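Undergrad: Sharing a structure here in structure tokens format.
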Amino acid sequence: MLSSKASCNSHGQDSSYFQGWQVYEKNPFDEVENPTGIIQMGLADNQLSFDLVESWLRKNPDAMGLKKDGESVFRELALFQDYHGLPAFKNELVEYMAKIRGNKVKFDPNNLVLAAGATSANETLIFCLADPGEAILLPTPYYPGFDRDLKWRTGVEIVPVHCSSSTGFRITMLALEEAYQRSTQKLNLKVKGVLITNPSNPLGTTMTMDELNHLITFAIAKNIHVISDEVFSGTVFDSPGFISIIEDAMDRNLENTDVWSRIHIVYSLSKDLGLPGFRVGMIYSNNETVVSAATKMSSFGLVSSQSQYLLSNMLANKKFTSKYMKENQKRLKKMKEMLVSGLKKSGIDCLKGNAGLFCWVDLRHLLSSNTFEAEKELWKKILCEVGLNISPGASCHCTEPGWFRVCFANMSQATLQVAMQRIKDFVERSSCTGIGNISNYQQNMYSLSRKLLGNWVRKLSSVDRDEQER
Amino acid sequence: MAIEIEQPSVGLSKVAVSETHGEDSPYFAGWKAYDENPYDESNNQSGVIQMGLAENQVSFDLLEKYFEEHSEASSWGKGAPGFRENALFQDYHGLKSFRQAMANFTEQIRGGRAKFDPDRIVLTAGATAANELLTFILADPGDALLVPTPYYPGFDRDLRWRTGVKIVPIHCDSSNNFQVTPQALEAAFQCAESMNLKVRGVLITNPSNPLGATIQRSVLEEILDFATRKNIHLVSDEIYSGSTFSSSEFISIAEILEARDYKNSERVHIVYSLSKDLGLPGFRVGTIYSYNDKVVITARRMSSFTLISSQTQHLLACMLSNKEFTENYIKTNRERLSKRYDMIIKGLKNAGIECLKGNAGLFCWMNLSPLLEEPTKEGELALWKIILNEVRLNISPGSSCHCSEPGWFRVCFANMSEQTLGVALERIHKFMEQRKRKET
């Protein structure tokens, strides 16, 4: 009775990534109310700098009250549904984007298309660049949501570009070539582009100049598009700094060449500004046809004029944005360092990262065998015994078992300390034999969580639970 | 470094370069003429008056008053948790309080004659997104939806562009006030079959755009029976349900289902939006209400691509939960629209122009067929150009709404002041006088 899209699994909601959520929702950690609950470390939200935004809001009631210089602009905003977006908002966004890139790039607001979140922006770009049955190359590991965002309604395929720990998960020319060959020769899929996330989710690293060069050279050679999802560009807190693909293209003097019109950037205010609820995403492209088509398509996901107005006012305050960027980065760095050192004390290493809201953690040494089954077992143990919801590498299409994404920006320092202690206890327990070492509290939590996970796994196909983003 | 050799530009998708977005039709060309020379009461009295935009501007004062008096709706209260919780909220279930408020509001519009379960409401960024999303769920590329003509020009894009689904028209004509008949339904179905298209559903707009009239109970029953017989879906776009001129004339498909004890209801889905009744198109608020569990679940997941800003959900949850406000708004809005409608009908009648008898919406369906040089689409477009360029009114030609009878035009009346409407009517009067004089 329904379309094949409605019946298929491309929405991706039956993966373990979402299962962990379901268990968390039944027993969520709370510092006061539920200190033995599950700590959510699978949600890449930034909750560290709300106080700065709240303080700005208190000082600027007109922005919330839809007033300009004391006069109501309610009517104009209520009627404003122009898919070109609020001009003032786009002007501020391009300036903000430039600022994030150290003002080494200048963006034209006419090349910016707004969308209801990066989720919508990515899907729209794929609709513009590829036909059903064609393929987009995606370096692994990648954000699980891409399986839905890029494939579900578009009918486009994802072909993974395998990156391994032996090269620090860096994208190599070899890996790109291999994926291209596999796509065209083995799978018979025409490749239309490669999509990178820079800074990377889930790795938490910025791309090197080398990687960006490989990508551009590859895109030129194969005559394909490059989509650079830069939603985490405002979360770079350490060196080396962030280099956008567009900067690299400029450095190589490619502005007047063909590939310039095949480079497209996606951005959003959900990660660095911590405002995923307001649904502000965007596409930046130097390709007129793409901008034109994407603009029309944005009718299906426009940004509320109420939110456009609020945020254009906020971003117009340069003092605020400078202060926010600096302070936010400082706080992210602190939390990251806490997590890394806490893990180190438990003998656990992370991939060296300088960006993002998460760590790419190496738990290979805790696997009972070098398999994804063992990874899943370990993940369940950590969820149920340790009480931490972290994301297993398999859900990010990682080719090597044992890696996990652990988020740190969606909690207080105190909560992070609790998480670190639990890991320490777990590792110590794991190095001893025998079940007698499990404390009463852990035993209770273990059985409760195990039971909940069992129930949820059984009900998996009929459960409808929201998946939080990235 | 190797020399970069220029290669021919790689293509974009077929969707990106197709014309199915529909923006090259006259519906949009008139807008251009308006944009270049827009009427202004003080500054440009000879400009083009925009009568092609179905916006509701007659009741803004009520909204502005609410907004002024209820700052808690636009802020998040004194405590910190309000803002951050809201800013983080991207759950595709949507704010429960907002869905509850929408359920109540839509029940009120129907005079309590239908009941809505807030858990069956899926939120989308506007009805544009809702209609496209439903099409993705109900039909595969290459399948067809049957849509009665004349219909809203935007459907060509919303239902077809990215979905690859086709529209097969259900032809309606003035012989019976453009109502859908069982014969027309069957004819459309056969037509689809002859083109080897699988029909997945019927999409109706009730009250109708562009007719400005509600669908009669008997016709709704026939359409539902037809959908049941053919085992296809029925989508009822009810975005103008709050813009009827009387409270009793609108019958929602929900009422029909309730009367039938919800038998066969899993094929029915209702689209709503706050863009027309509440005049808030900028806030992007649309809903899908489905009696089909699988559709609700799938639509919810798909709504990730088109969520409503949590800031806006919060504002509207407050506003639409305020019974005093909603009751007064619905009543006052109806009265004002009714008054406008009477004004335009009278004005057109004085100029010798007849309209279809309407009872809802933000526009009237005007009959200019007696004025056509030739009873064809070309004749209609020629007349449209004259009205645009000489009379300086941007109205929508019936052909852009796929009307099979030339000479009908949709004229909007709620997106301007009474004074501007008066000016427009004067111009029409003058134009008609001039034509009469030419003929004698």
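Undergrad: With everything on Cα atoms, drop me the angle between helix A:305-316 and the longest principal axis of chain A, reported from 0 to 90° to the nearest 10.
TA: 90 degrees
Undergrad: Something else now. Which residues of region B:85-112 bury at least 30 Å² of accessible area once all protein chains are present, versus their chain alone (1.4 Å probe)?
TA: Residues of region B:85-112 that lose at least 30 Å² of accessible area once the other chains are added: B:ALA87, B:LEU88, B:GLN90, B:ASP91, B:TYR92, B:HIS93.
Undergrad: Another question, if that's okay. Rule-of-thumb check for region A:1-157: C-alpha Rg over 2.2 N^0.38 Å?
TA: 1.39
Undergrad: Here's another thing I want to ask about it. Give the range of the longest stretch in chain A that excludes all GluC sites (Glu not before Pro) found in loop regions by DSSP and having at most 14 other beta-carbon atoms within 10 Å.
TA: Value returned for the longest uninterrupted segment is A:34-254.
Undergrad: Rounded to the nearest 10 Å², what accessible area does B:ILE297 have for a 1.4 Å probe in the complete protein model?
TA: 50 Å²
Undergrad: Between A:SER431 and A:SER72, what FRET efficiency comes out of the Förster formula 1/(1 + (r/R0)^6) with R0 = 60 Å and r the beta carbon distance, rounded to 0.05? Each step should come with its number before you reach the end.
TA: On the way: r = 66 Å, r/R0 = 1.10.
Step by step, r from the Cβ atoms, then E = 0.35.
Undergrad: Under a point-charge model restricted to the Cβ atoms of Lys and Arg (+1) and Asp and Glu (-1), what is the dipole moment magnitude of chain A relative to its Cα centre, in debye to the nearest 20?
TA: Working: 52 positive and 51 negative charges, 126 e Å.
That gives a dipole near 600 debye.
Undergrad: Along the charge dipole of chain A, which of A:HIS365, A:SER183, A:ALA135 sits closest to the positive end, that is, farthest toward it, with unit charges on the beta carbon of Lys, Arg, Asp and Glu (+1, +1, -1, -1)?
TA: Of A:HIS365, A:SER183, A:ALA135, it is A:HIS365.
Undergrad: Separate question: What's the average, rounded to a whole number, of partner chain beta-carbon atoms within 10 Å of each residue's beta-carbon in B:270-282?
TA: Average neighbour count from other chains, rounded to a whole number: 3.
Undergrad: With +1 on each Lys and Arg Cβ and -1 on each Asp and Glu Cβ, how big is the dipole of the protein assembly as shown about its Cα centre, in debye rounded to the nearest 20?
TA: For this selection, approximately 1380 debye.
Undergrad: Given R₀ = 25 Å, what would the calculated FRET efficiency be for B:SER194 paired with B:ARG113, taking r from the Cβ atoms and rounding to 0.05?
TA: According to the calculation, E is roughly 0.05.
Undergrad: Could I ask something else about it? Rounded to the nearest 10 Å², what accessible area does A:TYR24 show when all protein chains are kept and the probe is 1.4 Å?
TA: Rounded to the nearest 10, that gives 50 Å².
Undergrad: Report, to the nearest 10°, how far helix A:16-26 tilts away from the longest principal axis of the Cα atoms in chain A, using its own Cα long axis and a range of 0 to 90°.
TA: On a 0 to 90 degree scale, this one is about 70.
Undergrad: Which residue, A:LEU275, A:VAL32, A:THR206, has the largest displacement toward the positive end of the dipole of chain A when charges sit on each Cβ (Lys, Arg +1; Asp, Glu -1)?
TA: About the Cα centre, the residue reaching furthest to the positive side is A:VAL32.
Undergrad: Points 7 angstrom from Cα along the Cβ direction at B:GLU335 and A:LYS59: gap in nanometres?
TA: Spacing of the two 7 Å Cα→Cβ label points: 4.6 nm.
Undergrad: Tally the DSSP beta bridges in the protein assembly as shown and give the antiparallel ones as a percent, rounded to 5.
TA: 50 percent
Undergrad: Something else about it: May I ask you to compute the full-extension gain from A:SER412 to A:GLN181, defined as 0.36 nm times their residue separation minus their alpha-carbon distance, rounded to one decimal in nm?
TA: Values: separation 231, 0.36 × 231 = 83.16 nm, distance 4.62 nm.
Extending this stretch completely gives an extra 78.5 nm.
Undergrad: May I ask you to give the percent of accessible area on the protein assembly as shown that is carbon plus sulfur, with a probe radius of 1.4 Å?
TA: 50 percent
Undergrad: Continuing with the same structure: Put one equal scatterer on each alpha carbon of chain B, apply the Debye formula with no solvent term, and list log10 I(q)/I(0) at q = 0.14 1/Å to two decimals.
TA: Log10 of I(q)/I(0), two decimals: -1.38.
Undergrad: I would also like to ask the following. For region A:313-371, what is the number of Lys pairs with C-alpha distance below 25 angstrom, counting only pairs 8 or more positions apart or on separate chains?
TA: Within region A:313-371, the lysine pair count is 26.
Undergrad: Along the Cα→Cβ direction, 7 angstrom out, place labels at B:LYS430 and B:LYS263. What is the inter-label distance in nm?
TA: 6.1 nm
Undergrad: Cα gyration tensor of region B:229-296, axes a ≥ b ≥ c as square roots of the eigenvalues: rounded (a/c below 1.5), prolate (a/b > b/c) or oblate?
TA: Numbers: a/c = 2.81, a/b = 1.46, b/c = 1.92.
In terms of gyration-tensor shape, oblate.
Undergrad: Work out how far the C-alpha atoms of region B:56-139 reach from end to end along every principal axis, then list the three figures in whole Å, largest first.
TA: 47, 33, 25
Undergrad: Another question, then. Note the buried accessible area between B and A here, summed over both chains, with a 1.4 Å probe, in Å² to the nearest 100. Mind dumping the intermediate values first?
TA: On the way: alone 20690 and 20430 Å², together 33760 Å².
Counting protein atoms only, the buried area is about 7400 Å².
Undergrad: Which length gain, in nm to one decimal place, applies between B:LEU381 and B:THR20 when the Cα-Cα distance is subtracted from 0.36 nm times their residue separation?
TA: Stretched fully, the B:LEU381-B:THR20 segment lengthens by 127.9 nm.
Undergrad: Along each principal axis of its Cα atoms, how long is region A:243-313 end to end? Whole angstroms, biggest number first, please.
TA: For region A:243-313, the Cα spread along each principal axis is 39, 27, 18 Å.
Undergrad: If I model a spin label at A:ALA88 and A:SER166 as a point 7 Å from the Cα along the Cα→Cβ vector, what separation in nanometres do I get?
TA: In this crude label model, A:ALA88 to A:SER166 measures out at 5.7 nm.
Undergrad: Something else now. Can you grab the distance from the C-alpha centre of region B:186-224 to the C-alpha centre of region A:191-266, Å, no decimals?
TA: If we compute the Cα centre of each part, the gap is 49 Å.
Undergrad: Another one. How much mean residue ellipticity at 222 nm does the protein assembly as shown get from its helices, if each DSSP H run of length 4 or more adds -39500 (n - 2.57) and you divide by all residues, to the nearest 500 deg cm²/dmol?
TA: Rounded to the nearest 500, it is -13000 deg cm²/dmol.
Undergrad: Give me the inter-chain shielding for A:47-53: mean count of other chain Cβ atoms within 10 Å, whole number please.
TA: 2
Undergrad: Here is a further query. Can you work out the FRET efficiency for the pair A:ALA374 and A:GLU247, with r the C-beta to C-beta distance and R0 = 35 Å, to the nearest 0.05?
TA: Computed FRET efficiency for A:ALA374 and A:GLU247 comes out at 0.25.
Undergrad: As I understand it, the dipole of region A:48-161 uses +1 on the Cβ of Lys and Arg and -1 on the Cβ of Asp and Glu, about the Cα centre. Which of A:LEU93, A:LEU52, A:PRO109 lies farthest toward its positive end?
TA: About the Cα centre, the residue reaching furthest to the positive side is A:LEU52.
Undergrad: Separate question: Quick one: grab the alpha carbon gyration tensor of region B:102-218, order the square roots of its eigenvalues as a ≥ b ≥ c, and give me rounded if a/c is under 1.5, else prolate or oblate depending on whether a/b is larger than b/c.
TA: Judged from the Cα gyration tensor, region B:102-218 comes out oblate (a/c at least 1.5, b/c at or above a/b).
Undergrad: A follow-up question, please. Kindly express, to the nearest 10 degrees and within the range 0 to 90, the angle between helix A:440-458's C-alpha long axis and the longest C-alpha principal axis of chain A.
TA: Orientation of helix A:440-458: about 60 degrees from the principal axis.
Undergrad: A further question on this structure: Let me know the charge dipole size of chain B about its Cα centre in debye, to the nearest 20, where only the beta-carbon of Lys, Arg (+1) and Asp, Glu (-1) is charged.
TA: Dipole of chain B, to the nearest 20 debye: 560 debye.
Undergrad: Counting just the Cα atoms, what span does region A:207-365 cover along each of its three principal axes? Round to the nearest Å and put the largest first.
TA: For region A:207-365, the Cα extents along the three principal axes come out at 53, 44, 29 Å.
Undergrad: Semi-axes, largest first, in whole Å: what does sqrt of 5 times each Cα gyration tensor eigenvalue give for region A:107-232?
TA: Numbers: eigenvalues 87, 68, 41 Å².
One finds semi-axes of 21, 18, 14 Å for region A:107-232.
Undergrad: Taking only the alpha-carbon positions of the protein assembly as shown and ignoring solvent, what does the Debye formula give for the base-10 log of I(q)/I(0) at q = 0.05, 0.06, 0.08 Å⁻¹?
TA: -0.30, -0.43, -0.76
Undergrad: Report the residues of region A:60-82 in range of a label on B:ASP40: point 7 Å along Cα→C-beta, backbone N strictly under 17 Å from it.
TA: Answer for region A:60-82: A:76.
Undergrad: For each pair in A:LYS186/A:LYS380; A:LYS192/B:LYS166; B:LYS276/B:LYS346, compute the distance between the two Cα atoms and list the pairs where it is over 29 Å.
TA: A:LYS186/A:LYS380
Undergrad: Hey, another quick one. Return the inverse of the average 1/r over all pairs of distinct C-alpha atoms in region B:198-325, which is the Kirkwood hydrodynamic radius, in Å to one decimal.
TA: Kirkwood hydrodynamic radius for region B:198-325: 16.0 Å.
Undergrad: May I ask you to compute the full-extension gain from B:SER97 to B:PHE28, defined as 0.36 nm times their residue separation minus their alpha-carbon distance, rounded to one decimal in nm? Show your work: numbers first, answer last.
TA: Working: separation 69, 0.36 × 69 = 24.84 nm, distance 3.77 nm.
Here the answer is 21.1 nm.
The values are calculated or read from the model by the stated rules, or taken from the named source; none is laboratory data. Bear in mind that the values here come from a model prediction, so they are computed numbers and not experimental data. Positions of Cβ are backbone-derived with ideal geometry, glycine not excepted, and every protein chain shown enters the neighbour counts. With ligands, DNA and RNA removed, areas are computed over all heavy atoms of the protein, side chains included. Shrake-Rupley method; radii C 1.70, N 1.55, O 1.52, S 1.80 Å.
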